[in-house]
Amino acid sequence: MNLQQLLEKWGIKCHINTILSMWNESHRSYHNLNHLNDLISQINENKSKYSEKEYEKLILTALFHDVVYDPASQTNEEDSANFLIECAVDKKNSDILDVKQMILDTKTHDSTTNLSEAFNNYDMNIVERDFDQLLEWERGISEEYSIYPKEEYKEGRLKFLESLLDKYTHNTENLLKLVEWVKNN
């Protein structure tokens, strides 16, 4: 089943090209089609762990979780979740509402369900990668947030990166290298 067929099956009245064009907006350097493709690849690699419905919920969450993305906004997740609901024919469908909640959970990466936890793990998988991939991630995020003064960005980014050290202890060495890189650049 292709992505357009999935949208139609779930009663989502939005063309896949509209969604993909949103992911391809010029201000996106990390939260772009590469990130979306990475998520879909991770979900596909683990497809056998899920029922068909769970798998489809994960794919829909990937498609919509950052569909609305503006680095200056504090409501990207809410706006993305609302976009999903706007596109849904049955706005009260419990499965669509589950996807909406999974999108909302990506704001803090605090999961409300096991499936949401799985998605959050895929979304944050970048922090478990080698230093070169972490550096590529950092450069993308830094470019997206270039609308802010450098010192303001650096302060907020360091706070975020340091908060990851306790959660991703098996990649501490690479994360510490990234923290030092951000401090010095």
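The values are calculated or read from the model by the stated rules, or taken from the named source; none is laboratory data. What you are looking at is a predicted structure, and each value in this text was computed from that prediction instead of being measured. Note that each Cβ is placed from the backbone with ideal geometry, even for glycine, and that neighbours are counted across all protein chains shown. Surface areas here come from the heavy atoms of the whole protein model, side chains and all, with no ligands, DNA or RNA. Shrake-Rupley method; radii C 1.70, N 1.55, O 1.52, S 1.80 Å.
Here are the numbers for this structure:
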{"read-out": "CD proxy at 222 nm, helix term only [per DSSP H run n ≥ 4: -39500 (n - 2.57); per residue of the chain; nearest 500]", "value": "-19500 deg cm²/dmol"}
{"read-out": "GNM top mover of Val67, Val89, Val127 - the chain, alpha-carbon springs below 10 Å", "value": "Val89"}
{"read-out": "Distance in nm between pseudo-label sites at Ser146 and Gln4 (7 Å out along the Cβ direction from Cα)", "value": "3.5"}
{"read-out": "Where labels lie 7 Å past Cα in the beta-carbon direction, separation of Glu128 and Ser163 in nm", "value": "2.0"}
{"read-out": "Rounded to the nearest 10 Å², the accessible area of Ser48 at probe 1.4 Å", "value": "120"}
{"read-out": "Most fluctuating residue given options Tyr30, Tyr122, Tyr50, as computed from a GNM of the chain linking Cα atoms under 10 Å", "value": "Tyr50"}
{"read-out": "Stretch gain in nm, segment Asp70-Ile16, where the contour uses 0.36 nm per residue and the Cα spacing is subtracted", "value": "17.4 nm"}
{"read-out": "Accessible surface of region 87-185, 1.4 Å probe, proportion on carbon and sulfur as whole %", "value": "48"}
{"read-out": "Relative packing of peptides 73-84, 99-110, 151-162 - highest average C-beta neighbours within 10 Å first", "value": "99-110, 73-84, 151-162"}
{"read-out": "Point-to-point label distance, Lys177-His27, nm (Cα→Cβ direction, 7 Å offset)", "value": "3.3"}
{"read-out": "Accessible surface, per residue, of the chain when the full set of protein chains is kept, probe 1.4 Å, Å²", "value": "53"}
{"read-out": "Prolate/oblate/rounded label for the chain (Cα gyration tensor, a/c 1.5)", "value": "prolate"}
